[in-house]
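Below is one structure, written out as structure tokens; the observations come after it.
The values are calculated or read from the model by the stated rules, or taken from the named source; none is laboratory data. Since the structure is predicted, the reported quantities are computational estimates derived from the model, not experimental observations. We place every Cβ from the backbone using ideal geometry, glycine too, and count neighbours over all the protein chains shown. Each accessible area value is taken on the protein alone, full model and side chains, heavy atoms only, with ligands, DNA and RNA left out. Shrake-Rupley method; radii C 1.70, N 1.55, O 1.52, S 1.80 Å.
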Amino acid sequence: MKRVAYYISDYGYGHATRNVAIIRALLRKRNDLEIVICHSYALEFLKQSFIGERRVFFRSLRTDVGYILKERSIEPDVKRLEAALSNHYKYKEPFIEREKLFYQEKGINAIITDISPLPIEAAFEANIPSIGISNFTWYTAYQGLIQQSLLQLLQASYEKLSYFFAVACSKERHWGRVGNRNFGFYAREIDLNKVKAIREKVNPDHNKTLVFFGLGMKMNISINELTLWNSPNCEFIVSSNVDVDLPNVTKIPEKEIESQNYIAVTDIVITKAGWGTVSEAIAGKTPLLIIDRKGMQEDQNTIDYLQEHKLCKTIEWGQFKNIVITDDLVNELNQIQFNTWYNDADKIALSMINLLK
């Protein structure tokens, strides 16, 4: 039996949802594989995603820092971010020793990380292979935000990766010491029967434009006064945590774990450039309107990629505050073509399995 420790970034739900897709594909393709998920922020969601799966185990662990945002803003708080990252690396050595002991006690053969840095160093010292998979690293995400000394700590971690799997929108260097791979978008599989049932519930007369509006679970801003809600003939679908209560807004049920089916229902997805939501929109062939956050390198890389491949329209936050969805906007977004885009989850899983051999 092969046993893998799978580290998932603690920043929001996007990393959790996209890695559910990879883990499910890994389990489908190899019967003698066990996976220990190491994560904290969305651990209950991950447990619900694998109910009844006897080859998946869970370990509560703070894996990384992610972004820290200013109060009531979608912009990063640099001072608090630097302090948190500095504190995270302050405990680097105890973290590594604890992980090495964990690998030994549980018979861990390899690690996969998206894209937490310190587990890479633990795997390197334990002499077991590591696979990093992401569209970015925190090293590049923080460039232009934090001081160089902290960036160097991150760089030293990522340089110890055995293999790096760069996915769509990546502008990363070849971090893998042994090898590097390139892939496209991937997402959880869509259940067409559930999509049909959701559509009948939220738009039974089939006469409204369905809009998914998502800014992520870690956004702490007031959106009640957006003119968006006044868009004529629109029904909005939002996450359960969104603090808005209007007759034309449907919240995804709090206990619903397969949110990709709700995205697939809609005619338009409005979101920040979070890779998980973007990939699920592309998997569901749903047009994207991206809110452009300046100063976020990860976002800019994703936006550049989407614009290069004509997969989205963008709008700055200042303009978005006063937006109303019109027929012209809907028609413009409907020009986006998704014919050549595929879900690479199985392809990625097969490549990982070949390396684990």
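Using helices alone, what [θ] at 222 nm do you get for the chain, with -39,500 (n - 2.57) per DSSP H run of 4 or more residues, divided over all residues and rounded to the nearest 500? Before the final figure, lay out the partial values.
Values: 14 runs with 136 residues, N = 357.
Value at 222 nm, helices only: -11000 deg cm²/dmol.
State whether region 110-211 is rounded, prolate or oblate according to the following rule on the C-alpha gyration tensor (a ≥ b ≥ c being the square roots of its eigenvalues): a/c under 1.5 gives rounded; otherwise a/b larger than b/c gives prolate, and the remaining case gives oblate. It is prolate, given that a/c is not under 1.5 and a/b is the larger ratio.
Starting from the 7 Å offset along Cα-to-Cβ, what nm value, one decimal, do you get for the label separation of residue 356 and residue 182? If labels sit at residue 356 and residue 182, their model points lie 2.6 nm apart. Applying 1/(1 + (r/R0)^6) with R0 = 30 Å to the Cβ-Cβ distance of residue 233 and residue 294, what FRET efficiency is obtained, to the nearest 0.05? So the FRET efficiency works out to roughly 0.40.
First measure r as the distance between the Cβ atoms of residue 308 and residue 97, then evaluate 1/(1 + (r/R0)^6) with R0 = 41 Å and state the FRET efficiency to the nearest 0.05.
Values: r = 44 Å, r/R0 = 1.07.
Here the calculated transfer efficiency is 0.40.
Counting only residues at least eight positions apart within a chain, or on another chain, the aspartates and glutamates with an alpha carbon under 15 Å from that of residue 294 are 75, 77, 304, 316.
Charge dipole of region 179-325 (Cα centre as origin; +1 on each Lys and Arg Cβ, -1 on each Asp and Glu Cβ, all else neutral): 180 debye, rounded to the nearest 20.
Once backbone amide H atoms are built at 1.01 Å from N, residue 77 has 68, 69, 70 as its partners under 5 Å, excluding neighbours fewer than 5 places away on the same chain. Label-to-label distance for residue 173 and residue 87 is 3.0 nm, based on points extended 7 Å past Cα in the beta-carbon direction. Note on region 301-357: dipole from Cβ charges, positive end direction compared against 307, 353, 325; the farthest Cα belongs to 353. Accessible-area rank, largest first, for 357, 100: 357, 100, with all protein chains present and a 1.4 angstrom probe.
When the Gaussian network model of the chain links Cα atoms closer than 10 Å, the mean-square fluctuations of 268, 223, 23 top out at 223. For residue 174, the solvent-accessible surface computed with a 1.4 Å probe is close to 140 Å², ligands and nucleic acids excluded.
Within the listed set 117, 76, 287, the Gaussian network model of the chain (springs between alpha-carbon atoms below 10 Å) gives the highest mean-square fluctuation for 76. Computed about the Cα centre, the dipole magnitude for region 134-210 is approximately 80 debye when only Lys and Arg (+1) and Asp and Glu (-1) carry charge, each at its Cβ. Could you work out how far the C-alpha centroid of region 335-357 sits from that of region 40-66, in angstrom? Centre-to-centre distance over Cα atoms comes out at 23 Å.
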